[in-house]
1. Take residue 57 and tell me if it is closer than 30 Å to residue 154 by Cα and assigned by TED's automatic domain parsing to the domain that holds residue 125.
2. When you go through (1) part of a loop (DSSP other than H, G, I, E, B); (2) at pLDDT 80 or above; (3) assigned by TED's automatic domain parsing to the domain that holds residue 16 one by one for residue 129, which number turns out not to apply?
3. Residues being over 14 Å from the mean Cα position of the chain (by Cα), within 27 Å of residue 43 (Cα to Cα) and surrounded by fewer than 18 Cβ atoms within 10 Å (Cβ to Cβ): count how many of those fall in segment 58-111.
4. Of the residues that make up segment 33-47, is at least one farther than 20 Å from residue 131 by Cα, exposed (fewer than 15 other Cβ atoms within 10 Å of the Cβ) and assigned by TED's automatic domain parsing to the domain that holds residue 117?
């Protein structure tokens with residue numbers, strides 16, 4: 001597993017600021033190894049905004065990267081652009097003024113907690129949103145021919161000469177139309 005460059009921001013000053021205060025950042029982070037099921041081909045780039053709310057920090061932004069994923073028809077890996085839209089509320093785990101711990105609410109995710117050192121970590125939120133941003137049925141190209149069901153040859157690269165037989169007699173009349 002690779003070391004992930006974490007997207008961590010010290011938000012102590014922002015937590016002391018009045019509601020409505022904001023900070024803006026541009027990201028260009030290497031997220032290689034953020035998830036074992038994702039092969040990242042390029043850096044994660046984009047802009048985020050951290051907005052002070054009455055409950056914590058609202059993070060919004062749009063991030064982009066390129067990943068390698070297998071085609072659903074031919075199983076060949078190809079580069080796929082991925083766009084991650086963030087809109088997440090982060091709540092502090094410690095009161096900024098007193099240092100007293102703040103218990104998490106029932107609906108609050110652990111990934112959306114600002115730690116005891118007032119560090120807001122976007123790594124897990126970005127990982128989850130990146131997985132959701134990937135297509136469910138990726139195609140390397142719209143007219144991908146896929147694999148031969150008999151010999152397994154990639155029909156985009158070679159033609160095989162196999163003729164798949166119709167195994168279901170109910171479909172024989174359809175086969176005669178071809």
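The values are calculated or read from the model by the stated rules, or taken from the named source; none is laboratory data. Keep in mind it's a predicted model, so treat the numbers as computed, not measured. For neighbour counting, all protein chains shown are included, and Cβ atoms are generated from backbone atoms with ideal geometry for every residue, glycine included.
1. no
2. Tallying (1) part of a loop (DSSP other than H, G, I, E, B); (2) at pLDDT 80 or above; (3) assigned by TED's automatic domain parsing to the domain that holds residue 16, residue 129 fails exactly one: (1).
3. 13
4. Going residue by residue through segment 33-47, those that are farther than 20 Å from residue 131 by Cα are none.
No, segment 33-47 contains no residue that is farther than 20 Å from residue 131 by Cα, exposed (fewer than 15 other Cβ atoms within 10 Å of the Cβ) and assigned by TED's automatic domain parsing to the domain that holds residue 117.
Let's see how each residue does on (1) touching a strand residue (DSSP E or B) at 6+ places or on another chain (Cβ under 8 Å); (2) assigned to a loop (DSSP other than H, G, I, E, B):
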| position | (1), (2) |
| --- | --- |
| 34 | yes, yes |
| 51 | yes, no |
| 55 | yes, yes |
| 60 | yes, no |
| 65 | yes, no |
| 69 | yes, no |
| 74 | yes, yes |
| 90 | yes, no |
| 98 | no, yes |
